[in-house]
1. If you place +1 on the Cβ of every Lys and Arg and -1 on the Cβ of every Asp and Glu, how big does the dipole about the Cα centre of the stretch 51-110 come out, in debye to the nearest 20?
2. Considering the options 128, 20, 101, tell which one lies farthest towards the positive end of the dipole of the stretch 10-129, charges being +1 on Lys and Arg and -1 on Asp and Glu at the Cβ, about the Cα centre.
3. How much mean residue ellipticity at 222 nm does the chain get from its helices, if each DSSP H run of length 4 or more adds -39500 (n - 2.57) and you divide by all residues, to the nearest 500 deg cm²/dmol?
4. Which whole-number percentage describes the relative contact order of the stretch 2-128, with Cα contacts under 8 Å and a sequence gap of 6 or more?
5. Cα to Cα, under 18 Å, and not fewer than 8 places away if on the same chain: which aspartates and glutamates meet these conditions relative to residue 36?
6. Taking the Cα centre of the stretch 2-128 as the origin and placing charges on Cβ (Lys, Arg +1; Asp, Glu -1), which of 9, 119, 32 is farthest toward the positive end of the dipole?
7. Would you mind checking which residues have amide H under 5 Å from residue 38's amide H? H placed 1.01 Å from N; only 5 or more apart, or other chain.
8. Would you mind working out the magnitude of the charge dipole of the chain relative to its Cα centre, with +1 at each Lys and Arg C-beta and -1 at each Asp and Glu C-beta, to the nearest 20 Debye?
Amino acid sequence: MEILYRTIVCLFGLWLIVVSIIILFYPQKALSALRKFASTNLINYSELILRLIVGLGMMGLAPYTVYEGGFKIAGGFLAMTAIILMLIPRRWHHNYALWWADRLKTWQVRLCAPFSLVLGQILIFLALA
């Protein structure tokens, strides 16, 4: 199971790195993707199931890392919020995504790129350490 947990966390870290590139160079596409969050049942539950898997993967990996508490807290947060979002009406989640997509400017989206890049790198490093 440890290998599975490490793989899940590394894939999530890689996904964050890819997202950092997209939001840096194509912020308009990132905002367009944000507008689609929870727009259909398929998109909503696919997104939330992946979020839940990442959260469980982080919690599962926790005992194998030096940052056990951090992985448990972050993984628990992802898992719990995924479950909560599955229980509320989908349109609430979609409207929240639209609210942010309508307010964020492209320069603000670009500011998030370094954080996504560094977090992705840290997660991969810790998952492989």
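Derivation of every value follows stated rules applied to the coordinates shown; laboratory data play no part. Fair warning: this is a prediction, and the values are worked out from it, not measured in the lab. Note that each Cβ is placed from the backbone with ideal geometry, even for glycine, and that neighbours are counted across all protein chains shown.
1. 280
2. Positive-most Cα among the choices belongs to 101.
3. Mean residue ellipticity, 222 nm, calculated: -28500 deg cm²/dmol.
4. Values: 161 pairs, mean separation 58.6, N = 127.
Taking the mean separation of contacting Cα pairs over the length of the stretch 2-128, I get 46 percent.
5. Answer for residue 36, where 18 Å is the Cα cut-off: 47, 102, listed by chain and number.
6. Final value for the positive-end residue is 32.
7. 44
8. Values: 11 positive and 4 negative charges, 101 e Å.
Approximately 480 debye in magnitude.
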